[in-house]
């Protein structure tokens, strides 16, 4: 039996939870389950906590440094003489990506400790990354204007926006499904 309050596994027929003392005085308080939960693979979880979240944090730090230096794109240096708007946008985006890098490390440790809120934190990280990239591209187009950028660069920005929306949507839906099936593991 699994305690609904703390998630601890108890012997079938127990009257109270051995971990938290919660009494099982009604059948709706008892969740009968295999003590080890359903047999589901954990390769994606292991990939996330041992590689992907660290790599994402590192990548965000590099992106932030690139934004602070004003060298995000080759053509971007051509935009700086137009005004300070792009430079300010780069600094703001750099700050957001530094904060996202720190957040990814927190997410990694929440997931590795099987915290109940860990999967939700991961979804929020995907949303922040996707939304911030889309907002950056839209702001860049608005600040610079299509008159000052080549049609190739403009098309690449629009393609990036569409790609980011699709990628974020797929990552969010995949991870919601993945972690919902494993929700019995995240009870701390």
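The values are calculated or read from the model by the stated rules, or taken from the named source; none is laboratory data. Computed from a predicted model, the values in this text were never measured in an experiment. Please note: Cβ atoms are built from the backbone with ideal geometry, for glycine as well, and neighbour counts cover all protein chains shown.
Per-structure values
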{"quantity": "Residue that is in contact (Cβ under 8 Å) with a residue 60 or more places away in the chain and either outside the structural domain of residue 60 (by TED's automatic domain parsing) or touching a strand residue (DSSP E or B) at 6+ places or on another chain (Cβ under 8 Å) (or both), where the choices are 184, 148", "calculated": "184"}
{"quantity": "All positions within segment 39-58 that are free of Cβ contacts under 8 Å to residues at least 24 places away in the same chain and either assigned to a helix (DSSP H, G or I) or within 12 Å of residue 105 (Cβ to Cβ) (or both)", "calculated": "43, 46, 47, 50, 51, 52, 55"}
{"quantity": "Count - residues of segment 112-125 that are surrounded by fewer than 20 Cβ atoms within 10 Å (Cβ to Cβ) and on the phi < 0 side of the Ramachandran plot", "calculated": "9"}
{"quantity": "Qualifying residue in segment 90-111 (condition: touching a residue at least 60 places away in the same chain (Cβ under 8 Å), assigned to a helix (DSSP H, G or I) and either buried (at least 21 other Cβ atoms within 10 Å of the Cβ) or not assigned by TED's automatic domain parsing to the domain that holds residue 180 (or both))", "calculated": "yes"}
{"quantity": "Residue count, segment 142-153 (criterion: part of a helix (DSSP H, G or I) and surrounded by 16 or more Cβ atoms within 10 Å (Cβ to Cβ))", "calculated": "3"}
{"quantity": "Filter result for the condition that a residue is under 30 Å from the mean Cα position of the chain (by Cα), at pLDDT 85 or above and within 30 Å of residue 142 (Cβ to Cβ), over 102, 52", "calculated": "102"}
{"quantity": "Residue in segment 169-176 that is surrounded by 14 or more Cβ atoms within 10 Å (Cβ to Cβ), under 22 Å from residue 101 (Cβ atoms), without any contact (Cβ under 8 Å) to a residue 60 or more places away in the chain and over 19 Å from the mean Cα position of the chain (by Cα) present", "calculated": "no"}
